[in-house]
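Single-structure report; data block below.
Nothing in this text is a laboratory measurement; each read-out follows from the coordinates by a stated rule. Remember, it's a predicted structure, so these values are computed and weren't measured experimentally. Ideal geometry is used to build each Cβ from the backbone, glycine not excepted, and the neighbour counts take in all protein chains shown.
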Amino acid sequence: MEHRAKDALLTIADVTAQERGFLTRRERLLRWAECLEQDPSRRLRSLGEIEFVPAAERRDIRADESPLTVAFADPILRADGLASDRLGDAMDYFEISEWRAHRLLCSCMNGWHIQAGSFAKKLRRMSDPRADLRTGAVVAGAVGLPLLLMLLI
């Protein structure tokens, strides 16, 4: 086998980079929800107490029959770039913060099991572009209202 530089190959072959990531973040979340809604009563496992796993190991957490295994079983999400059913790969691919992943997937937030349909509803709410604005408004109200009352009293 003869080794050549990419530039040299371009003169003798049609070399193209494989395009990855054809779905937007919203489309990825909605596709995951659609996969879950195919069997909405399916009982899925939460990830066990994420917050107690050492930070260095947290990204490798996985569980059989979890919402992440449903996502990874989908050929479209895998073709788009979902690398595995591990927490870290899902956080990267779906662009989910560690805090939000904890809220979605941890057993301390959902119990040890969650129905696929309920999880899909959470994903649909999260995919709404206004979701972060609503969260900000709730936090501002929860913090600001007591402060305002303290000033008035």
Review point. For the charge dipole of the stretch 54-114, defined by +1 on Lys and Arg C-beta atoms and -1 on Asp and Glu C-beta atoms about the Cα centroid, which residue among Ala83, Pro67, Cys108 has the Cα displaced farthest towards the positive pole?
Key: Cys108
Check your understanding: Gln115's amide H: which non-local residues (gap 5+, or another chain) put their own amide H closer than 5 Å, with H modeled 1.01 Å from N in plane and none for Pro or chain starts?
Key -> Leu44
**Study point:** Net lengthening on full extension, Asp39/Arg130 (0.36 nm per residue, minus Cα-Cα)
**Key:** 30.0 nm
Point to revise | Segment Glu27-Ser107, extension gain: residue separation times 0.36 nm, minus the distance between their alpha carbons | key: 26.2 nm
